[in-house]
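Contents: one structure, followed by commentary.
The values are calculated or read from the model by the stated rules, or taken from the named source; none is laboratory data. Please read all numbers here as calculations on a predicted model, not as lab measurements. Please note: Cβ atoms are built from the backbone with ideal geometry, for glycine as well, and neighbour counts cover all protein chains shown.
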Amino acid sequence: MKRLEDLNPREVLDLLMSKKSKKAMLRTLRRVKKAKEAKEARAALSKNVLLMLLCLMMVLAPGPAWATVVNAPEPFYIYTSMPNTVLVASSYLLANSQANDGTLFTEITVSWEVQSGDIVEIRWWDKYGNAMPTTTLDTSSTSQRAVSVTPPSGAYAAKLVLRTGSTEGDRYAWWHSATNTNNITTIFPDPELAGGGGSTGGSVPSGGTGTTVIVDNSDVVSALNEVKSQLSSISSDVNGHFNAVRGKLDDVIGKLGDLNDYLMTPRVPEPFDTTLPQVSFDPTPPTIEEPYMQPYAYNRPAPAIPPPTDTSGPLPYAPDPEHLVMAHDPPAQVEQPLEKDDPIARNTPLQRDPVVKDDPLPRDPVNMDPPLQRDLVARDDPLPRDNPVSREEPIGREAL
């Protein structure tokens with residue numbers, strides 16, 4: 001028998017409560033559990049609704065949420081007073097100047113102060129340095145501020161381009177602001193619109209960035225490329241000669257080193273003690289002028305080649321081995337002619353046998369069998385139906 005402390009709660013309820021009380025307690029516990037679950041579901045629903053409202057407010061807001069505005073210390077512009085000129089900004093405008101981490105442009109605004117007939121363009125590049133389609137701005141109004149430009153998809157770098165017309169005067173084009181995908185907006189100050197006129201292109205106001213004038217130097221570039229190729233060919237030839245000379249010098253240095261080792265090797269005469277009186281050696285070393293080793297003299301006469309033996313006459317062209325008679329072959333004998341056999345007598349032709357036509361076979365009479373008689377079909381009596389099943393009384397439910 002179990003002790004009281006070993007019983008679980010349900011077993012304790014079974015001991016303390018009756019069947020009706022236990023069922024009522026279980027129903028109460030189920031209602032409490034359902035109410036708790038409903039409360040948790042309402043709390044989760046309220047949390048989801050608040051999050052959806054917050055996201056909707058962020059989407060419908062007029063500007064990006066938590067945007068950062070950075071003021072640039074100096075203007076970023078290009079300037080010229082020369083007509084019929086193409087100017088390109090010397091520096092790129094990058095979406096993220098710290099690292100190429102995939103940050104891209106979302107919006108750029110441009111301002112300009114140009115003359116009639118001038119064109120302002122923006123050249124784009126992606127993060128891999130590939131050129132993208134150029135954006136040409138509408139400069140029908142020669143003075144504009146903060147004109148919004150939508151960059152192409154994937155634009156990471158940009159440059160301002162100013163194409164001047166034939167009208168004289170100063171031209172300015174500058175970045176007003178730039179926004180990237182990190183919600184960081186950089187605002188550039190406007191340059192001082194004061195430039196020194198002159199046919200050489202004017203002076204760049206202080207605080208700005210330099211510009212680059214594009215000139216067609218294709219002829220100069222082709223000539224320089226030709227000179228470069230010729231210099232490369234001459235340089236390769238000179239390097240080849242130098243390498244050959246260096247190889248020969250290395251060979252000479254190696255041989256001189258061997259000679260130096262030979263000359264600097266000490267040679268001290270040592271006495272040679274032997275018990276053979278008939279053998280004596282000269283211990284003095286040879287002089288330097290004397291060769292160290294006499295060359296071998298080859299005094300054996302060269303082998304004599306036997307003179308060629310000519311045949312008595314020209315050999316036949318491709319002789320037949322069967323008709324070629326050698327000196328050691330037995331003499332050939334003439335075969336006797338064959339006698340002709342008697343002619344074969346011709347057989348008499350065979351006679352044809354007469355063909356006799358057989359009489360046609362008589363047909364057998366066809367005897368028709370009488371038709372078979374049908375068997376009578378006996379119909380079985382129908383099966384009797386079972387009595388209907390009587391309905392049982394429903395089982396009564398227990399009173400709660």
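A few points about this structure:
- If you go through segment 77-90 and keep only what is buried (at least 20 other Cβ atoms within 10 Å of the Cβ) and over 39 Å from the mean Cα position of the chain (by Cα), you end up with Tyr77, Ile78, Tyr79, Thr80, Ser81.
- Subset of segment 71-94 [closer than 17 Å to Ala155 by Cα and either modelled with pLDDT of 85 or more or among the charged types (D, E, K, R) (or both)]: Leu93, Leu94
Residues are listed down the side, and each one gets a yes or a no for (1) closer than 17 Å to Pro75 by Cα; (2) at pLDDT below 85:
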| position | (1), (2) |
| --- | --- |
| Val110 | yes, no |
| Ser177 | yes, no |
| Pro189 | yes, no |
| Leu193 | yes, yes |
| Ser199 | no, yes |
| Ser218 | no, yes |
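- Verdict on Thr284 being at pLDDT 70 or above, over 60 Å from the mean Cα position of the chain (by Cα), of a type in the set (Val, Ile, Thr) and surrounded by fewer than 10 Cβ atoms within 10 Å (Cβ to Cβ): yes
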